Amino acid sequence: MFRHSIPLTSIYLWLVIFSFQPHKEERFMYVIYPLICYNAAQTIETCVNFFRELSAGKLRPSISRGITNSFRCGIFLSYSTISLARILALVRAYQAPMQVYENIMPASTICLAKEWYRFPSSFFIPTTSRAFFVKSEFDGLLPGKFHESNYTDWRSGTWRLPSGMNNQNREELSHLVSRLRLSILIRRSQSAFTIIS
């Protein structure tokens, strides 16, 4: 019993600690996703065992077993249906940024403004295109650019820390494109110029 209690209590300890944090994000929960699944499995088994104890001597074992199996299958089907509905809802409701990226022409310049965080990584834009950040109402730290490397090994520049990073979420002007550089990029852009604001 004690062996099962440690993972279960660690979930609640994690929730208590992060409930007191002023800034909350879903990424703080990723660490305990396996423990949440474990907690759910333990809850289902506890309910099944509780039902077995209540029905002992009142129902035949075959009927009791059928009810518990139906309970488990019902929980699994309900969970699967809700999960599939959530996946489809996310795909349907948040596909607009991917549609914008799909329609970007090769060798284009993409400028991202205050809505930059709604768009997926620049990994999804054509390889000949470049994404830049322009000054907007957002005054926090913008993502940095990975070091471009000619090497084809698995790290290939992603292992190097981008310049101008800080852990206080302070704005770093080197991550923004200046107006002069922006006007040069507009003139040089052969095929397309896209501003996502």
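Checking the structure you have, find out if any residue of the stretch 90-106 is at pLDDT 85 or above and closer than 30 Å to S5 by Cα. No, because not a single residue in the stretch 90-106 is at pLDDT 85 or above and closer than 30 Å to S5 by Cα.
If the condition is being in a loop (DSSP other than H, G, I, E, B) and at pLDDT below 85, then the stretch 170-197 contributes V177, S178, S189, Q190, S191, S197. Looking only at residues in the stretch 123-147 that are closer than 27 Å to V91 by Cβ and open to solvent by 70 Å² or more (accessible area, probe 1.4 Å), the one that is farthest from the chain's Cα centre (by Cα) is T127.
Can you find a residue in the stretch 16-29 that is part of a helix (DSSP H, G or I) and touching a Phe, Trp or Tyr at 6+ places or on another chain (Cβ under 7 Å)? Within the stretch 16-29, one or more residues are part of a helix (DSSP H, G or I) and touching a Phe, Trp or Tyr at 6+ places or on another chain (Cβ under 7 Å). Cβ-Cβ contacts under 6 Å between residues 6 or more apart (or on different chains), taken from a first residue in the stretch 83-106 that is within 21 Å of P126 (Cα to Cα) to a second residue that is open to solvent by 60 Å² or more (accessible area, probe 1.4 Å), are listed as P97/R118; Y101/F124; P106/T128.
Aromatic (F, W, Y) and in a helix (DSSP H, G or I) - does that describe any residue in the stretch 102-121? Yes: one or more hits. One residue stands out in the stretch 67-116 among those that are of a type in the set (V, I, T) and either over 30 Å from F133 (Cα atoms) or open to solvent by 90 Å² or more (accessible area, probe 1.4 Å) (or both): the one that is farthest from the chain's Cα centre (by Cα), namely I67. Scanning the stretch 12-28 for residues that are hydrophobic (A, V, I, L, M, F, W, C) and at pLDDT 85 or above yields L13, W14, L15, V16, I17, F18, F20.
Picking from T68, T81, T43, which residue would you name as being outside any loop (DSSP other than H, G, I, E, B) and at pLDDT 90 or above? Can you show your working first?
On the way: T68 fails: at pLDDT 90 or above; T43 fails: at pLDDT 90 or above.
Answer to the selection: T81.
The values are calculated or read from the model by the stated rules, or taken from the named source; none is laboratory data. Everything numeric here is computed off the predicted structure, so don't read it as measured data. So basically every Cβ, Gly included, is an ideal-geometry build from the backbone, and we count neighbours across all protein chains shown. In case anyone asks, the SASA skips ligands and DNA or RNA and just uses the protein heavy atoms, side chains included. Shrake-Rupley method; radii C 1.70, N 1.55, O 1.52, S 1.80 Å.
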